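**Student:** Handing you this structure, nothing more for now.
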Amino acid sequence: MENKVEKWLEKRGQGIKNEWEDFTKMQLKECQSPIEELFLIEWRYQTQHWSDYENIYIMPQYKINNYRVDFMVFYVPGEIHPSKFSKYFLNNKKMCLIVELDSYLWHGSKPEQFAKEKARGRKLKKEGYNIMRFSGREIYRDVEKSIEEVLEYITEIEEKQLEKQLEEYENKGK
């Protein structure tokens, strides 16, 4: 699996600025499994090429209370400074998406771990977070499709936010 990660990074890094590869390698250090690394490499590849995604960010191994989630993906309106991101999502959980990658090795081999993961997911949903889960097999076989699903979901969140802002602007003029 690690060989696949290295090959994927090399494939996706061809012809791209050194800063992209350096930043990606820095974030890869935070990942805790090869499927997380594959996901992050593909995420960086797909989002760095398009200005449509300039306000969509990803943070690996994001801490929420006593939990660590594999990835926190979030939409932040352009007027929010990066230093204010954490405070922003505490008040705007609907602008975030938790992405969890479930490998059989970690999540399915022990019934207690599986139950613990399910309970954690329910608690985070109760707190107002959106959660999307992918199996390790989905990531390994078609990581591009998984990223597309996440981007589609978070883009819908962005569009709803923009519609809301437009509606507020139009209502001010009345």
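The values are calculated or read from the model by the stated rules, or taken from the named source; none is laboratory data. Note that the structure is a prediction, hence the values are computed from the model and not measured. Methodologically, a virtual Cβ is constructed for each residue, glycine included, from the backbone with ideal geometry; neighbour enumeration extends over all protein chains shown.
**Student:** Which residue out of Leu151, Leu166 is surrounded by 11 or more Cβ atoms within 10 Å (Cβ to Cβ), among the hydrophobic types (A, V, I, L, M, F, W, C) and closer than 20 Å to Met95 by Cα?
**Tutor:** Matching residue, one of Leu151, Leu166: Leu151.
**Student:** Also: Of all the residues that make up segment 26-61, how many are modelled with pLDDT under 75 and charged (D, E, K, R)?
**Tutor:** So the count comes out to 0.
**Student:** Confirm whether Glu30 is of a type outside the set (Lys, Arg) and in a loop (DSSP other than H, G, I, E, B).
**Tutor:** Yes; evaluated as a whole, the condition is true for this residue.
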